[in-house]
Amino acid sequence: MSNPKAEIKKKVKKHIPKDWLCELRIMYRLGMEAFHDIRRTGLGNIVIITTLVAILTIFGSFFRTALSMASFANELGSILEISVYLKNDTDTNAVKQTIKDYEYVETVTVIPKAKSWADLRRELELPDMTNPLPDTLHVKVDKMEHLEGVFAKIKQLPAVEDMSYAQDVAKKIDAMNQIVNTITVLVLIIMCILTITIINNTIQLVIQSRKEEIEIMRLMGVSNWYIRLPLILQGAFYGFSGALLALIPLELVESGLEHMHKFFMVPVPMYTQQIVVFTMFLIGILFGATGSFLCIKKHLQV
């Protein structure tokens with residue numbers, strides 16, 4: 001059943017003209033309330049923001065490293081080739097076409113045994129003898145994670161004598177990538193818990209200091225959101241400030257990773273710095289506001 005009072009309230013609101021100047025004054029008032037709450041916290045602000053800077057710096061560093069590791073893994077996947085050694089009297093072009101039709105295979109290059117033997121004899125002083133080398137195919141896969149699947153599929157072909165690729169290197173890079181990703185997720189979870197706990201305790205103190213003022217506002221019929229919003233803005237301010245200051249140490253991490261990319265001649269992924277900065281601000285503000293909101297819900301019956 002619909003609430004008659006709520007229906008009447010809606011109808012009345014529709015006929016009340018909106019005063020944008022009044023709305024702006026309310027927003028200004030809410031902003032000033034948040035500012036005064038931050039001032040009341042005093043030196044506690046420094047402790048909260050410093051803690052958030054440390055947490056966001058750790059998260060940002062691991063997140064940025066994870067993006068670089070993913071870039072290295074993808075680059076390695078595009079460089080690593082599977083060497084396929086064929087049996088004698090095999091139709092090389094037919095095998096090449098078969099492998100080329102496999103999913104995730106980008107290119108297949110034929111290395112005739114005559115060319116391999118000529119190159120080997122140029123590098124080493126070998127006596128005249130029959131060419132013992134087989135025809136070889138170099139298979140390039142689009143991504144590193146598809147190497148093993150394509151490797152296993154090619155190995156089943158009856159024309160294949162033997163196969164090889166830098167499996168140990170691929171596995172080490174992939175394992176490192178997984179470790180960094182796991183640590184990044186764990187840091188994010190720990191950061192969420194710590195941020196919400198710290199801000200929860202801070203907002204609780206603010207609520208206690210404003211207890212009488214809030215009670216008076218309740219008796220005057222002030223909207224619940226008018227009471228809540230300054231406290232939520234305070235939590236968001238802590239998150240924003242922490243993310244802003246965390247950009248300073250993060251710049252050092254960014255510089256170090258860029259040098260590493262240049263050293264290994266791997267291109268820096270596009271927009272990585274922008275993605276990391278945006279994510280840090282989003283998470284900082286979101287967690288800060290969430291911590292305040294949860295505290296208000298728990299300690300403030302409005």
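The values are calculated or read from the model by the stated rules, or taken from the named source; none is laboratory data. Values in this document were obtained by computation on a predicted structure and should not be read as measured data. In this analysis, Cβ positions are derived from the backbone assuming ideal geometry, glycine residues included, and neighbour counts consider all displayed protein chains.
Structure data summary
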quantity	calculated
Scope region 193-213; condition surrounded by 18 or more Cβ atoms within 10 Å (Cβ to Cβ) and either of a type in the set (Lys, Arg) or modelled with pLDDT under 70 (or both); matching residues	Arg210
Test: residue in region 225-237 that is within 16 Å of Gly60 (Cα to Cα) and touching a residue at least 24 places away in the same chain (Cβ under 8 Å)	no
